[in-house]
Amino acid sequence: MLSPRLFHKILGVAFFLFPCCAEGKPAGNRLLPSFGHLLEDGRDEGFIPGFLLLVDNEVKDVIRQLEHRISRLEGVLRFKKMITESGGKIFATNGKKADFDTTMKKCKEVGGSVATPRNPGENDAILYFVKSSNTYAYLGMKESLIPGKFQFLDGTELSYTNWHLNEPSGKGEEECVEMYTDGTWNDKRCNQNRLIVCQF
């Protein structure tokens with residue numbers, strides 16, 4: 001069974017990618033039986049023996065159906081080369097480009113954040129999209145108050161770097177970080193349009 005955390009990650013990815021690959025009408029909603037009016041002590045005034053077991057089985061059935069649908073959706077997204085995974089993180093792109101602020105906004109809207117590699121495996125997962133699109137992508141880090149020193153967006157120090165030779169070189173003029181098509185990083189002005197890659 002999927003953990004709640006993985007379920008939410010996959011759901012976030014689905015909402016992020018849905019507009020670019022949606023076709024047809026959404027499936028109908030299946031509602032669970034109503035509990036009616038509960039008394040103050042929590043008992044249902046129309047309690048039927050075995051009802052809770054029936055509801056429990058219905059909930060389990062709905063969960064199984066959701067897991068099956070999520071598994072199929074994940075397969076489609078992998079097939080269409082729209083998601084990658086590394087170290088428990090899921091990375092996704094909608095194939096669109098934007099400046100850094102818009103990239104942050106788009107990722108946040110779907111429950112994710114800007115892709116932030118913290119090790120070589122995660123760097124490679126992001127690089128997959130950069131190579132496939134043959135374009136650069138922003139990473140989830142910015143220059144600190146000290147020119148030439150970069151940090152993660154939460155303010156913590158970089159624990160992993162993959163700077164291109166002689167980078168960073170902007171010295172206060174280039175506050176964002178982009179990934180080149182060889183997987184190395186470069187500091188860049190934040191107003192350029194780069195591939196949107198989010199992590200969940």
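Here, each number is a calculation from the coordinates, and none is a lab measurement. In this text the structure is predicted, and so the values were computed from the model without any measurement. So basically every Cβ, Gly included, is an ideal-geometry build from the backbone, and we count neighbours across all protein chains shown.
Exceedance of the 29 Å cut-off in Cα-Cα distance is limited, within the set K108/K188; K105/K188; K60/K97; K60/K108, to K60/K97; K60/K108. Apply the Karplus curve 6.51 cos²θ - 1.76 cosθ + 1.60, θ = phi - 60°, to the phi angles in region 143-158 and return the couplings in whole Hz, x for Gly and Pro. Working through the residues one at a time gives 5, 7, 5, 8, x, x, 10, 10, 9, 5, 5, 7, x, 7, 6, 5 Hz.
Alpha carbon centre of region 92-130 versus region 179-200: separation in Å? First find each Cα centre; the distance between them is then 8 Å. When each of the peptides 161-170, 95-104 is scored by how many other beta carbons lie within 10 Å of its residues on average, the order from highest to lowest is 95-104, 161-170.
Out of all DSSP beta bridges with both ends in region 85-199, state the antiparallel percent to the nearest 5. That works out to approximately 90 percent antiparallel.
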